[in-house]
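Read through the structure below, which is laid out as structure tokens, and then see the notes.
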Amino acid sequence: MLEEPQNRAVKWAKVIDQTRCIGCHACTTACKSENLVPLSVTRTYVKHVDVGIFPQARRAHQVALQSMRTRAMRHRLPHHRHV
């Protein structure tokens, strides 16, 4: 039998059933609250996609996580260039 190290840090994850997403942003709010994310920073976002053709159109939602690399690039790049 394998023994677990006693000083191992707990790592949490969130699991979201994408098929039941209604686009309410509760997951985004929970992530910001639990991880003490500053107001101007977003780690997760809800992508809205319109599917179908009227009158049988519907809106689909997908929760996406912004990668650490993308977040780092956004903070490094200037917002506009001076010419």
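The values are calculated or read from the model by the stated rules, or taken from the named source; none is laboratory data. Quantities reported herein were computed from a predicted structural model and do not represent experimental measurements. Note that each Cβ is placed from the backbone with ideal geometry, even for glycine, and that neighbours are counted across all protein chains shown.
When restricted to residues that are farther than 23 Å from LYS11 by Cα and under 14 Å from the mean Cα position of the chain (by Cα), the range 41-56 contains 3. Summed over the range 28-70, residues that are surrounded by fewer than 13 Cβ atoms within 10 Å (Cβ to Cβ) and assigned to a helix (DSSP H, G or I) total 7. Applying the selection to the range 30-58, what residues are charged (D, E, K, R) and either at pLDDT below 80 or more than 17 Å from ASP17 (Cβ to Cβ) (or both)? Those that are charged (D, E, K, R) and either at pLDDT below 80 or more than 17 Å from ASP17 (Cβ to Cβ) (or both): LYS32, GLU34, ARG43, ASP50, ARG58.
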